[in-house]
Amino acid sequence: MRIVVTGSAGHLGEALVRVLRDEGLDVVGLDLHDSTYTTVVGSITDCDFVRRCVEGADGIVHAAALHKPNVGSHGRRAFVDTNVAGTLHLLEAAVEVGVGRFVFTSTTSAFGRALTPAPGVPAAWITEDVTPVARNIYGATKTAAEELCELVHRDHGLPCLVLRTSRFFRETDDRDEGRAAYDDLNLKVNELLHRRVDLEDVVSAHRLALQRAPAIGFGRYIVSSTTPFTRDDLPDLRADAPAVVRRLFPDYEAVYADRGWSMFPSIERVYVNARARSELGWTPRYDFRHALGRLQAGEAPWSPVAAAMGAMGDDAASTGPYTTC
């Protein structure tokens with residue numbers, strides 16, 4: 001099977017190319033930046049280039065994008081050209097040459113302002129049924145690209161699955177208040193409870209999506225670590241998150257105390273991956289309980305794939321428009 005992976009110089013794209021090649025697939029890495037895992041260098045805004053790249057492909061994993069960190073460095077037109085027009089070029093080329101499956105890497109950022117509940121109300125329970133409310137051009141263009149996937153599926157029958165991934169990058173948090181209040185690893189382990197996923201689990205979700213796309217046709221899926229919380233926990237999570245975590249994980253405080261860590265005082269949203277687990281057969285491994293066990297054993301909580309990838313760092317590819325994180 002020949003698979004085209006866009007964004008192959010990026011964090012997820014490189015991991016996908018590595019894993020898919022290890023499984024014996026013929027993988028073509030496409031990116032605006034050259035890299036060890038990039039086969040062809042060029043822009044998805046060039047429809048002729050895209051058409052040549054996807055010729056003979058059995059599937060496409062579209063992980064390339066201008067993403068949230070680029071909001072400060074790129075204008076809205078650049079986001080539309082790359083995230084919307086670029087996705088359309090890939091979809092139309094896939095139909096033209098007869099590609100059998102298309103997996104689009106989207107983001108939970110697409111939910112936008114729907115992720116933030118009003119003061120004094122319970123935490124938000126985020127499923128695929130929540131209606132997005134754009135917060136910025138990144139979310140707006142990713143949502144528009146998702147709609148194109150659905151449109152092309154309906155018009156032409158191209159099997160398209162959309163994976164809305166939560167945070168999986170290893171870089172320092174982009175929020176000033178987060179960096180100031182928490183050790184970086186402390187913050188990321190906390191997020192495994194409700195808004196983070198390990199890179200290896202993200203890759204496995206994409207692999208399953210490639211397999212299942214022809215049978216499913218079209219679907220949107222949240223790809224995030226399995227939360228231990230239920231809807232009944234939502235009021236208490238907003239008011240006193242440590243108490244809820246203490247009830248579910250009585251041993252967590254000792255693990256945290258050894259490191260001088262703390263839990264978030266309040267959690268405002270919870271991502272729910274039930275549909276991905278049910279329809280894709282996805283079984284994410286690297287959740288909060290797994291992280292606690294690794295920390296208790298004196299080990300890093302990350303998967304082998306995440307450990308091998310590390311952080312993207314400050315190289316050119318890490319800020320380029322065809323990387324995702």
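Please treat every number below as a calculation from the coordinates, not as lab data. The structure presented is a predicted model; accordingly, all values stated were derived computationally and were not measured. We place every Cβ from the backbone using ideal geometry, glycine too, and count neighbours over all the protein chains shown.
Summary of values
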| quantity | calculated |
| --- | --- |
| Residue identified as buried (at least 18 other Cβ atoms within 10 Å of the Cβ), of a type in the set (Val, Ile, Thr), on the phi < 0 side of the Ramachandran plot and touching a residue at least 24 places away in the same chain (Cβ under 8 Å) among THR116, THR127, THR107 | THR107 |
| Flag if PHE229 is surrounded by fewer than 20 Cβ atoms within 10 Å (Cβ to Cβ), in a loop (DSSP other than H, G, I, E, B) and either within 20 Å of the chain's Cα centre (by Cα) or in contact (Cβ under 8 Å) with a residue 12 or more places away in the chain (or both) | no |
| Residue tally, condition in contact (Cβ under 8 Å) with a residue 40 or more places away in the chain and among the basic types (Lys, Arg), over segment 130-159 | 2 |
| LEU66 assigned to a loop (DSSP other than H, G, I, E, B), crowded, with 24+ Cβ neighbours inside 10 Å and either of a type in the set (A, V, I, L, M) or under 21 Å from the mean Cα position of the chain (by Cα) (or both) | yes |
| Matching residues in segment 68-114 - criterion: being of a type in the set (Phe, Trp, Tyr) and over 20 Å from ILE222 (Cα atoms) | PHE79 |
| Segment 165-191, residues that are assigned to a helix (DSSP H, G or I) and either touching a helix residue (DSSP H, G or I) at 6+ places or on another chain (Cβ under 6 Å) or closer than 25 Å to ALA63 by Cα (or both) | GLY178, LEU187, LYS188, VAL189, GLU191 |
| Hits in segment 210-226 - residues which are polar (S, T, N, Q) and either at positive phi or without any contact (Cβ under 8 Å) to a residue 60 or more places away in the chain (or both) | GLN211 |
| Flag for ASP201 being more than 21 Å from THR283 (Cβ to Cβ) and in a helix (DSSP H, G or I) | no |
| Members of segment 1-34 that are crowded, with 19+ Cβ neighbours inside 10 Å, among the small types (Gly, Ala, Ser) and part of a loop (DSSP other than H, G, I, E, B) | GLY7, SER8, ALA9, GLY10 |
| Residue list for segment 202-251, restricted to those being under 20 Å from ARG164 (Cα atoms) and among the small types (Gly, Ala, Ser) | SER204, ALA205, ALA209, ALA213, ALA215, GLY217, GLY219, SER224, SER225 |
| Residue match in segment 103-122 (condition: over 29 Å from ILE267 (Cβ atoms) and not in a helix (DSSP H, G or I)) | yes |
| Lone qualifier among ALA276, ALA254, ALA300, ALA307 - being part of a loop (DSSP other than H, G, I, E, B) and of a type in the set (Gly, Ala, Ser) | ALA300 |
